[in-house]
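The values are calculated or read from the model by the stated rules, or taken from the named source; none is laboratory data. In this text the structure is predicted, and so the values were computed from the model without any measurement. All Cβ positions, glycine included, derive from the backbone under ideal geometry; neighbour counts span all protein chains shown.
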Amino acid sequence: MAKYDIVIENYQGSVEKHYFTILGLLNDFGYTVLKTKDTFNSSITSSFWGSIEQRRTQQQEKAAQFIAYIGNMTRSMFQLIRTLRIMDQRFKLYVQSKNGPDNESADIALKSLWVDQVEGGAKNPGSVTGMSMQVGFTLLPDIFFKALVQTKEDVAKKIEELKANNMGNERFYGILRRKLTQYINWRDSTEEEYVTSRKFHLAYLRQHFNIIRTYLHWLEPYLRNVKRLDQKGSRDTDILEMADTAISDIELFAFKGKGFNKFIPTITVKFEYRTVPELAYQQEYQKGPIHVGRTHIIVEGNIKLADEIREKFRIDMKKDIKLLGDLTASSQAFGDELDKYIKESKEEDPEGKVGEDLKKGKTKPPATLEDMFGKFKDIGKPLQNFMGSVKTFFGRKKKPVDKVKKKGAPLFEYDLPGPVGDLWKAHKKRIEKMKVKEQNRYKDREDFEKEGDFHKYVKAIKGRNTLEEEKEKKKTDGIKDDWKVYDTFKKISGEIRW
């Protein structure tokens, strides 16, 4: 296919009509059209520049509020993960003390916690260690820590065993029985409390995680807007800083997916504007710019593989991830640990009922959890005050995504544009239907570390065709839609045909 240039210079009418004329022609010829580029710059002394800077400042302020919310929520999430990690370490002792390979060591560790934290250790004369200072109770700590008992019946058997060996008097046996019974009651009740508390901690972590994801999704357009509205000083010869001048570059990418398998006809249209923006009151008394001046249009037709089309938009996705990467770097530091807890919370409470009951006040979290993080129902208040209810996000169904490989829990994912995603799915299905030998020819972009290796692969694939693919290649070679767009536009615009 070929490449065609159109240059129009007119200071009597707005330049936007050329863009919409070609957009309409591409749609009329049956192409799927996507915009891949839209940038602009203006002279710093122009009124248009001042209007844009004012809007950029507003977007920056909104983005700063979201970033502050994300920072606060992330700090709270770190505390939750740390608490869950400590709880898991402690809970292992409960499991091992009952049926672990080294249950005696785990039981001794739990008894040490009970003596130190519940009884007060040696400072309390009535504790196990404190009573060892009294006559007749010297062996109490040794016998207490070595006695491996699970139930009250085990306590009774242990006492009878000690009596048979004449290890003490009746008062000694009575105190030992009381201490072991108190320890068993404490162990069983705290184990149950750990299970319940951990369930609430997981639900709370899941709520934090979902709200952070919501903030990130809502923050993303503000960051993009700030980036798009950013106007850097330019040495471009088309911009005269002392006068009202502006330049803009727009690119449309169009392709025909229906009826084509391997070789897909595409048309790329680039618009290069050099205009004089004139601010004027338009409908509803809104002041906006009218651009008049020079338009340079480049229409270029080409034949591409589905891999090349996907890669074009995958690069944009990688740029977006880089844009938000710094905000999520701290969360990604937890890696698999955060991912593990989020998955576990979904397994234990797949519908999120615990979190909903907590927010509605139908159930209460453990006191330690509420003391640490405040009332659970208040977690979403900053979000609701700023952007309304979060229910719509939690209930929204996710689209199929083109996943970007990264470690840890995916805080954000990006969809390929709908038509490109559909094209890629059709391409993958076509490959699956091929014979194994032919399937092995095809690879994904992620299989190549270097950009150059991927381009070599694309070039090689274009040259290796089946008979059916050769027929399709000849068919696409005969398409002259790029010329049709060029020629039709020249006739519509009244330009002289070149």
Could you please find all residues in the stretch 147-169 being of a type outside the set (A, V, I, L, M, F, W, C), in contact with a helix residue (DSSP H, G or I) (Cβ under 9 Å, 6 or more places away or on another chain) and either free of Cβ contacts under 8 Å to residues at least 12 places away in the same chain or farther than 28 Å from K92 by Cβ (or both)?
D154, K163, G168
Within the stretch 80-95, identify whether any single residue is surrounded by 15 or more Cβ atoms within 10 Å (Cβ to Cβ), without any contact (Cβ under 8 Å) to a residue 12 or more places away in the chain and in a helix (DSSP H, G or I), and answer yes or no.
no
Looking at the stretch 441-455, I want the residues that are under 15 Å from I309 (Cα atoms) and have a partner that is loosely packed, with under 12 Cβ neighbours inside 10 Å and of a type in the set (D, E, K, R) with Cβ atoms under 7 Å, at least 6 apart or on another chain. Which pairs are those?
E446/K405
Can you pull out the residues in the stretch 96-117 that are more than 15 Å from Q182 (Cβ to Cβ) and basic (K, R)?
K98
Among the residues of the stretch 40-63, is there at least one that is part of a helix (DSSP H, G or I) and under 30 Å from H201 (Cα atoms)?
yes
Quick one: would you say A203 is at pLDDT 80 or above, under 24 Å from M87 (Cα atoms) and small (G, A, S)?
yes
Top-ranked residue in the stretch 462-479 [being touching a strand residue (DSSP E or B) at 6+ places or on another chain (Cβ under 8 Å) and among the charged types (D, E, K, R); ranked as modelled with the highest pLDDT]
K473
State which residue pairs qualify: first residue farther than 14 Å from G121 by Cα and inside the stretch 132-145, second residue in a loop (DSSP other than H, G, I, E, B) and among the hydrophobic types (A, V, I, L, M, F, W, C) in any location, beta carbons under 9 Å apart, and separation of 6 or more residues or different chains.
L139/M167; I143/M167
One residue is enough: does the stretch 212-221 have a residue meeting the conditions farther than 30 Å from S46 by Cα, of a type outside the set (A, V, I, L, M, F, W, C), at pLDDT below 80 and out of contact with any Gly (no Cβ under 7 Å at 6 or more places or on another chain)?
yes
Need at least 3 residues that are under 27 Å from A254 (Cβ atoms), modelled with pLDDT of 75 or more and touching a helix residue (DSSP H, G or I) at 6+ places or on another chain (Cβ under 6 Å) per element, so show me which helices (runs of 4 or more DSSP H) inside the stretch 388-452 make the cut, counting only ones lying wholly within it.
418-432
Looking only at the stretch 11-36, filter to residues that are in a strand (DSSP E or B) and either in contact with a Lys or Arg (Cβ under 8 Å, 6 or more places away or on another chain) or among the β-branched types (V, I, T) (or both); which one of those is surrounded by the fewest Cβ atoms within 10 Å (Cβ to Cβ)?
T36
Does any residue of the stretch 30-38 turn out to be over 25 Å from P417 (Cβ atoms) and of a type in the set (V, I, T)?
no
Any idea how many residues of the stretch 164-181 are in a helix (DSSP H, G or I) and either exposed (fewer than 14 other Cβ atoms within 10 Å of the Cβ) or of a type in the set (A, V, I, L, M) (or both)?
8
Given (1) under 28 Å from the mean Cα position of the chain (by Cα); (2) surrounded by 16 or more Cβ atoms within 10 Å (Cβ to Cβ); (3) free of Cβ contacts under 8 Å to residues at least 12 places away in the same chain, identify the lone condition not met by Q58.
(2)
Out of the stretch 118-135, which residues are farther than 17 Å from Y183 by Cα and either in a helix (DSSP H, G or I) or within 52 Å of the chain's Cα centre (by Cα) (or both)?
K123
Looking only at the stretch 453-489, filter to residues that are over 40 Å from the mean Cα position of the chain (by Cα), assigned to a helix (DSSP H, G or I) and of a type in the set (K, R); which one of those is nearest to Y19 (Cα to Cα)?
K484
Just for the stretch 1-10: of the residues that are part of a strand (DSSP E or B) and of a type outside the set (S, T, Y), which one is farthest from N302 (Cα to Cα)?
N10
